[in-house]
Amino acid sequence: MKFFIDTADLAQIKEANDLGILDGVTTNPSLMAKVGIKGEEAVTNHYKTIAELVDGDVSAEVVSTEFSAIVEEGKKLHAIHPNIVVKVPMIKDGIKALKWFSDNGIKTNCTLVFSAGQAILAAKAGANYVSPFIGRIDDASWDGVELIAQIANIYAIQGWETEILAASIRSSLHIVKCAEAGADVITSPLEPILGLLKHPLTDIGLAKFLSDAKTFK
Ligand code: G3P
């Protein structure tokens with residue numbers, strides 16, 4: 001399972017990258033706004049900085065909703081850096097654009113996916129990644145991890161190669177459950193990734209080893 005970080009914050013991207021386990025980055029317009037990126041030039045430069053920092057796919061989202069505009073925007077995003085993956089929303093024109101990008105060799109990530117039916121359409125359109133938002137599904141009293149398992153089962157039966165990118169991760173347990181459910185990728189904020197390190201018995205055990213080590217040094 002690949003690890004992506006879900007942020008546009010350069011310090012957090014660097015911290016995750018320094019762990020040596022980062023495979024890519026996902027962003028969205030809300031995450032870009034959160035770090036104060038404004039204007040087309042600043043947006044372009046920010047994506048370029050991220051793509052040069054991390055050796056892996058970087059999802060950059062279109063904000064157009066009409067087929068030709070999505071295609072034009074996606075082509076511009078793709079031209080920023082070879083590792084840029086065009087993130088396209090799960091709407092009718094988005095599906096058409098995913099097919100166009102697929103036919104023209106541009107990698108895509110289909111975002112805002114909340115059902116197995118939507119994941120089927122994304123795979124049929126040739127999306128490289130499909131992004132079910134598991135935290136938001138949980139927020140609505142459905143089971144986000146169950147959706148990951150359902151999509152993994154469908155894709156395995158059908159032999160579809162679209163990678164399941166579990167998004168809207170809220171906890172370290174989400175990451176563990178997504179690994180069990182068959183996600184190909186998780187994209188997570190930094191904290192749930194760092195949370196995977198934690199166990200009180202590790203801290204207690206290390207303290208004992210370090211204190212015993214003083215007796216024989
Ligand atoms: O990648 C999509 C993700 O950023 C959505 O996360 O926490 O806004 O539901 P969240």
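The values are calculated or read from the model by the stated rules, or taken from the named source; none is laboratory data. What you are looking at is a predicted structure, and each value in this text was computed from that prediction instead of being measured. Ideal geometry is used to build each Cβ from the backbone, glycine not excepted, and the neighbour counts take in all protein chains shown. Accessible surface areas use protein heavy atoms only, side chains included; no ligands, DNA or RNA. Shrake-Rupley method; radii C 1.70, N 1.55, O 1.52, S 1.80 Å.
Put simply, of GLY159, GLY144 the only residue that is more than 24 Å from GLY56 (Cα to Cα) and in contact with a strand residue (DSSP E or B) (Cβ under 8 Å, 6 or more places away or on another chain) is GLY144. Residues that are within 19 Å of TYR129 (Cβ to Cβ) and open to solvent by 50 Å² or more (accessible area, probe 1.4 Å) were ranked within the range 1-19; the one that is nearest to the chain's Cα centre (by Cα) is LYS2.
Condition check ((1) touching a helix residue (DSSP H, G or I) at 6+ places or on another chain (Cβ under 6 Å); (2) assigned to a strand (DSSP E or B); (3) away from the ligand (no atom under 11 Å from the Cβ); (4) within 19 Å of HIS78 (Cα to Cα)) across all residues:
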| residue | (1), (2), (3), (4) |
| --- | --- |
| TRP100 | yes, no, yes, yes |
| GLN118 | no, no, yes, no |
| LEU121 | yes, no, yes, no |
| GLY126 | yes, no, yes, yes |
| ASP138 | yes, no, no, no |
| ALA166 | yes, yes, no, no |
| ILE169 | yes, no, no, no |
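Taking the conditions (1) over 18 Å from the mean Cα position of the chain (by Cα); (2) surrounded by fewer than 17 Cβ atoms within 10 Å (Cβ to Cβ); (3) in a helix (DSSP H, G or I) in turn, GLY105 satisfies each one other than (3).
The single residue among ILE106, ILE5, ILE50, ILE13 that is β-branched (Val, Ile, Thr) and free of Cβ contacts under 8 Å to residues at least 40 places away in the same chain turns out to be ILE106. With the requirement that a residue be surrounded by 13 or more Cβ atoms within 10 Å (Cβ to Cβ), more than 12 Å from the ligand (Cβ to nearest atom) and either part of a helix (DSSP H, G or I) or of a type in the set (A, V, I, L, M) (or both), what does the range 20-44 give you? Scanning the range 20-44 gives LEU22, VAL35, ILE37, VAL43, THR44. Filtering the range 171-217 to residues that are among the β-branched types (Val, Ile, Thr), more than 16 Å from the ligand (Cβ to nearest atom) and open to solvent by less than 90 Å² (accessible area, probe 1.4 Å) leaves VAL176, THR202. Kindly indicate the residue of the range 45-87 that is of a type in the set (S, T, N, Q) and touching a helix residue (DSSP H, G or I) at 6+ places or on another chain (Cβ under 8 Å) and also most open to solvent (accessible area, probe 1.4 Å) among those meeting that condition. Within the range 45-87, the match that is most open to solvent (accessible area, probe 1.4 Å) is THR65. Within the range 146-164, restricting attention to residues that are of a type in the set (A, V, I, L, M) and within 16 Å of the ligand (Cβ to nearest atom), the residue that is nearest to VAL130 (Cα to Cα) is ILE164.
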